[in-house]
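Okay, structure first, notes after.
Here, each number is a calculation from the coordinates, and none is a lab measurement. Being a predicted model, the structure only gives us computed values, none of them experimental. Every residue, glycine as well, gets a Cβ built from its backbone with ideal geometry; the counts of neighbours run over all protein chains shown.
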Amino acid sequence: MAAAERLPSVADQVASIPFWYHRIDLGSGITTPGWAPLSLDSYRIPEDMTGMRVLDVGAWDGFWTFEALKRGAREVVAIDDFSDFLGTPEAVGRRSWDSFDICRSALGWGLDRCRREEMSVYEINEGRLGRFDVVFCFGVLSHLRHPLLALDFLSGVCDSGIFVATATCEDYSPYKGAPGNGNPGSPPVLEFYPTVELGNNPTNWWAPNLACLGLMVMAAGWSDVEVWKLTDGPEHAAHCRGFARGVKPAA
């Protein structure tokens, strides 16, 4: 094949994407130049996901989709509606599923185990997607106008566990200033950001404190809910993140 007809290498394909959100190891010394996740272990997803069917909500470049597959998931369905541009659409320039597809091809996952759908969380239904053992909802809740309704939709297709990561107002509130000034402990608080108060991003609508996050997950149908922070004493607003894990009660 002539040089001009060569297919782009994986490295060339990665370089063609103007912005990467996820840092994904594609092998052969190639890692996508994203910054997330900040701490893989903080998400506390199971080490062994053998046989599980997983829904990855807001998949973006697909880090968590591919991580579940690496851990043995039998199938992962990734969804995204490409509505989050981190507040800077010109700089981010999201290209639909291009980055996801580059990674899926490089990692060798077939369509039988790694499926993607362009849809919003409010369009989720069993008829279209089927049922799932586990749901990942990472970096999504703060961007939703109706976060509790979204959790209800997720609960409607989930038979067991959910893992949530989101911005929180536990250690930081844009209404109170620097990190260290937030809404810790009880009572439950869900702060509302009508414009660009949080991160100068107009798609950031809400941030709960941990008490509120746990109760939201419980209200949507999960029990045995645990909540925790990315780090104690965060020094930057971007590190003010919280997590929740819940399990559906046995039938």
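General remarks:
- Cα centroid separation - region 169-223 against region 60-74, whole Å: 28
- HN-Hα J in Hz across region 230-237 - Karplus 6.51, -1.76, 1.60, θ = phi - 60°, x for Gly and Pro: 4, 7, 7, x, x, 9, 9, 4
- The alpha carbons of region 114-251 give a radius of gyration and a Dmax of 15.1, 46 Å, in that order.
- Segment R71-W228, length gained on full extension (0.36 nm per residue, minus Cα span): 54.2 nm
- Taking amide hydrogens as placed 1.01 Å from N in the peptide plane, the amide H of N181 sits under 5 Å from those of S173, each at least 5 positions away in sequence or on another chain.
- Least to most buried among V54, V164 (fewest other Cβ within 10 Å first): V54, V164
- Relative to its residue count, region 210-251 spans a Cα convex hull of 61 Å³ per residue.
- Angle between the chain longest axis and helix 210-219 axis [Cα atoms, degrees, rounded to 10]: 80
- The mean of 1/r over all pairs of different alpha-carbon atoms in region 116-172, once inverted, gives a Kirkwood hydrodynamic radius of 12.2 Å.
- Neighbour-count ranking [beta-carbon atoms within 10 angstrom, fewest first] of S16, S155: S16, S155
- Under 5 Å, built H, 5+ apart or other chain: amide partners of L26: T31, T32
- Computed over region 18-134, Cα set: Rg, Dmax in Å: 14.0, 41
- A cut-off of 5 Å between modelled amide H atoms, ignoring neighbours fewer than 5 places along the same chain, links G72 with M49.
- For M52, M119, the sequence from fewest to most other C-beta atoms within 10 Å is M119, M52.
- Counted without the sites themselves, the longest stretch of the chain free of trypsin sites (Lys or Arg not before Pro) in a DSSP loop having at most 10 other beta carbon atoms within 10 Å is 7-144.
- The equivalent ellipsoid of the chain has semi-axes of 30, 23, 16 Å, largest first, where each one is the square root of 5 times an eigenvalue of the Cα gyration tensor.
- Net lengthening on full extension, S120/A219 (0.36 nm per residue, minus Cα-Cα): 33.5 nm
- Relative contact order, percent, region 101-251 [alpha-carbon distance under 8 Å, six or more residues apart]: 23
- Fraction of antiparallel bridges per DSSP, the chain only, in percent to nearest 5: 45
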